């Protein structure tokens, strides 16, 4: 609970000290929802803490999911803070194609919440095959298109090109 409170408050110096004393806590679930310190830092929008934790965590451990199947990137997408998402993507591009428990990749999550800047960022770094209905089991491209229409994410601000055919 101590680490949770420190991360939640955004107190990097105390978080760093705590992790020096308890290095195994870096990837331990510290909330009832199974969140790690990184998940909590992302949810709190603590860019500095996220950057520091990403530096300390292996690329593999960035893919840890909480009990609802959310990676830290998926939570960042839902929160819409692009500065939080960038260090995660830089270290592990595979996060872009990881689905949460309801089958959505981070780009679709960002669109569902109407976060235009996050959608723009994630769209340009997400692999095309993750959106192509021929290669994506969950039809992420179709979900993205629907989410963008519902959230009214179209026009001059975001240029998203759907380069696949929709079959009705």
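Read the figures in this text as sums done on the coordinates, not as results from a lab. Since we're looking at a predicted model, the values are computed, not measured. A quick note on method: Cβ atoms are made from the backbone with ideal geometry, for glycine too, and the neighbour counts reach across all protein chains shown.
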Taking each pair of distinct Cα atoms in the stretch 1-97 once, what is the resulting Kirkwood hydrodynamic radius in Å? 12.9
By average C-beta atoms within 10 angstrom, highest first, the peptides 126-138, 100-112: 100-112, 126-138
Please find the FRET efficiency linking residue 28 to residue 134, where r is the Cβ-Cβ separation and R0 is fixed at 41 Å, and quote it to the nearest 0.05. 0.55
Work out how much length residue 21 to residue 124 would gain on full extension: take 0.36 nm times their residue separation and subtract the Cα-Cα distance, in nm to one decimal. 33.1 nm
Multiply the residue separation of residue 13 and residue 67 by 0.36 nm, subtract the distance between their alpha-carbon atoms, and state the gained length in nm to one decimal. 16.6 nm
Using only alpha carbon pairs under 8 Å that are at least six residues apart, calculate the relative contact order of the stretch 2-150 and give it in whole percent. 16
Is it possible to state the helix-based mean residue ellipticity at 222 nm for the chain, with each DSSP H run of 4+ residues giving -39500 (n - 2.57), the sum divided by total residues, to the nearest 500 deg cm²/dmol? What is it? -14000 deg cm²/dmol
Which value, to two decimals, describes the C-alpha radius of gyration of the stretch 20-74 once divided by 2.2 N^0.38 Å? 1.02
So how do 26, 21 line up by other beta-carbon neighbours within 10 Å, fewest first? 21, 26
If I build a Gaussian network model for the chain, linking alpha-carbon pairs within less than 10 angstrom, which residue out of 56, 118, 98 has the largest mean-square fluctuation? 56
Relative frequency of Cα-Cα separations exceeding 21 Å in the stretch 10-168, percent: 44
Per the rule of 0.36 nm per residue minus the C-alpha distance, extending residue 151 to residue 101 adds in nm 15.8 nm
Expected sort for 141-152, 39-50 on mean C-beta neighbours within 10 Å, highest first, is 39-50, 141-152
